[in-house]
Amino acid sequence: MYKIFDSVEEAAYYTAQRLFSKIQAMPAAVLGLATGSTMKPVYSQLLQLLDENPVDLSQLCTYNLDEYIGLSAQHPQSYNYYMYEYLFSKLNLPPQNTHLPDGLISDCEAVCQAYSHAIASQGGLDLQLLGIGSNGHIGFNEPYTCFNSRTHVVELSEQTRIDNGRFFDDQSEMPTHAITMGIKDILEAKEIILMATGRNKAEIMAQLFMSPIDEALPASALKKHRNLTIVLDREAAALLPEQALKSVI
Ligand code: F6R
């Protein structure tokens, strides 16, 4: 199902509301969270909703999608830092209930297996939030990642290094590898919200709409999912074919 909004704020509010309703209805929900610029307004609206309507968060549990290899949790561009900065430091959520991959791991295989296992042992993700890369990645599952993948270490594509390098003071500091939840872990979530905003996501959203399910476009795996909502602002929806827009609104 597509939801298309006039502005980024409205799209973010819709997504924040969905997260908030899930937390209200299921205080012990397991949430899969994402980082990136798309999620900043979502987290800020979620904080506002929780501020106005306090909810007991003591049983809520979160698992983030990914982290750069080589960055400590204190590095301002690490996803651990991002989550602390934009969400966790402002919430009454027990730190032991929040999970992100560790960017400084040494025994990669064991750590990756443990991450997917931890999610499964909690009964899986009740709601997974996703952004999308301009090359169609979800998490850091780059094009041609196997749809059966579990948490793994990935070499970041040239496109991702260009897109995300802009956040680093010096582009050469941009990590070459990351650890990411796998596509199979993501698809096992009971509910998925993929959100994309801005003109720079219009091409990939049009490609995704037209694409068959194909490992060349990781986000196309989501077409197999029975409870997927795609949340867009007008700009990200700008290149969806006319007939598609008619059928989705
Ligand atoms: C981040 C993540 C990525 C981003 C994607 C879009 O945790 O998993 O897939 O969602 O790269 O990033 P932004 O929102 O910065 O365009």
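For this structure, a couple of remarks:
- Test item: Cα-centred dipole of region 1-102, Lys/Arg +1 and Asp/Glu -1 on Cβ, debye: 160 debye
- Length released on extending from residue 155 to residue 177, taking residue separation times 0.36 nm less the Cα-Cα span: 7.5 nm
- Eigen-decomposition of the gyration tensor built on the alpha-carbon atoms of the chain gives equivalent ellipsoid semi-axes of 25, 23, 18 angstrom, largest listed first.
- Mean-position separation - Cα centroids, region 117-142 and region 200-249, in angstrom: 17 Å
- Inter-site label distance for residue 162 and residue 1 at 7 Å from Cα along Cβ, in nm: 3.7 nm
- Cα shape, region 56-198, gyration tensor, a/c 1.5 rule: rounded
- Calculated P(r) of region 160-249 - Cα pairs past 17 Å, %: 60 percent
- Residue list for region 45-89, given a label point 7 angstrom along the Cα-to-Cβ vector of residue 104 and an amide N cut-off under 18 Å: 67-85
- Shape of region 35-122, Cα gyration tensor, a/c cut at 1.5: oblate
- Net charge of neighbours whose Cβ lies under 12 Å from the Cβ of residue 113, counting Lys and Arg as +1 and Asp and Glu as -1: -2
- Gain on full extension, evaluated as 0.36 nm per residue between residue 200 and residue 52 minus their Cα-Cα distance, stands at 50.0 nm.
Here, each number is a calculation from the coordinates, and none is a lab measurement. Predicted, not measured: the structure shown is a model, and the values here were computed from it. No Cβ is skipped: glycine too gets one built from the backbone with ideal geometry, and neighbour counts run over all protein chains shown.
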